[in-house]
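The next block holds one structure in the form of structure tokens; read it before the comments.
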Amino acid sequence: MGQGEPVVFTLIVWGNDTMRETEILLKTTMMYTSSPLDFHLIVDADSQEYLTNAYNLIEKPVYDIRVYFYPISWKAMEERLARTAVGKPDQPRYMELGTKHQSGTPGMMKVLLHEIIPDNVKRSIFVDSDAFFLTDPTLLWQEFNTWGPEVAVSLPAHDSVDMYDGTTKICSCVMLLDLERMRQLRYIDSNLFTPAERARALSPKANLFAFGEPTSKNGVYNNVGLGDQTYFYANKIFMPEAHKDLPLHWEVTSCLMWTYGTGLSGSDMMTGEEQVKHQVNLKGTPFEDVPIIPGIVHFNCMYAHTYFESGFFEDPESYLYKGWLHAVRYHQYFKWLWLNKGKTGATLTIETATDLRFWDEKRAGKLEAAGY
């Protein structure tokens, strides 16, 4: 590409609301980057069409941009989840990964990103749709340089928040993923793996360790309220050496944490000492006496179809209104056209994947993806 190593994103864009939020996230990656960008986007048909039209507005990017769409079918996603079952004679779906989280089946693909994206993609950043960058994503990518060889996943930790069987102690909303390491670990089990592979796969053992036997009649883990995050949490506490805490600068969250007391309100000449005095929900963390420098702000638990339509941003007394309204509106209304600032011949390319087999299917020699 001639511009250095690309920063690689793997995102899930499924449904109109997610699409409208992701549009803002994508713009901010391109607004602030100092590196080429690769986007691997797992999409439904409407999201692919909309985002293709948006990307086509960029004719002169500052850095090379490569976009890869993965139009995976709903049935294919469900069948991959079904292959996580260990199975019993009277419970063929025993230990299958289930969810009751509002993100549903597409959201569960977060634990399977390493199986959807081709083997030649070794590392990736994942960010939920209800978040956006305030700084160069290259700085987040450089966090990979702090890892040891055993690490597979880095995600933020909130150890003081113990809800939903402890699964709120992490957030799978912003993650660094060593996709190659996740494949090596067999991060999520499959009944297409060999017996030896299944014996060392993380997910069955980790789920039993964290939650015990499934309590549903059909043996599916259906009582998990936080979907994919439940299984990341189980894997983390089962194999902590494969997981690393992500600095909280990269997930300044509104849910439970009140964005740690940061925001645009207050003096622009505020010192670090002054900001620390205003910060909240950091006691006992490595950031208790450190100013949080927001890299990504995450607007979850907003009780609206999209975070930018939330009533919190219409209430002048809300801390979100005071601290973040202007940032939200600026990035929301920033024009795709304005990303045409390149002068060096950088290009934007768009491709649609035709091989939609999950990695477990490729390993088993399946010539066609199931679910189509």
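At-a-glance table
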quantity	calculated
Added length on full extension, which subtracts the Cα-Cα distance from 0.36 nm per residue, Tyr333 to Gln142	65.9 nm
Charge sum, other residues only, whose C-beta stays under 9 Å from Arg80's C-beta, Lys/Arg counted +1 and Asp/Glu -1	-4
FRET efficiency, Glu59 to Asp90 (Cβ-Cβ, R0 51 Å, nearest 0.05)	0.25
Residue-count net charge about Glu197 - beta-carbon cut-off 11 Å; Lys, Arg +1, Asp, Glu -1	+3
Gained length - Leu256 relative to Met270, 0.36 nm times residue gap less alpha-carbon distance	2.6 nm
Shape call, segment 5-45: gyration tensor on alpha carbons, a/c limit 1.5	oblate
Under DSSP loop assignment and at most 15 Cβ neighbours within 10 Å, longest GluC sites (Glu not before Pro)-free interval of the chain	151-287
Ile293-Leu208 pseudo-label distance in nm [points 7 Å out on the Cα-to-Cβ vector]	4.6
Mean ellipticity per residue at 222 nm, deg cm²/dmol - from DSSP H runs of n ≥ 4 across the chain, formula -39500 (n - 2.57)	-8500 deg cm²/dmol
Extension gain (nm, one decimal) between Thr344 and Glu241, 0.36 nm per residue minus Cα-Cα	32.8 nm
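Values in this text are rule-based calculations from the coordinates and carry no lab data. Because the structure is a prediction, the values reported are computed rather than measured. All Cβ positions, even for glycine, are placed from backbone atoms using ideal geometry, and neighbour counts span all protein chains on display.
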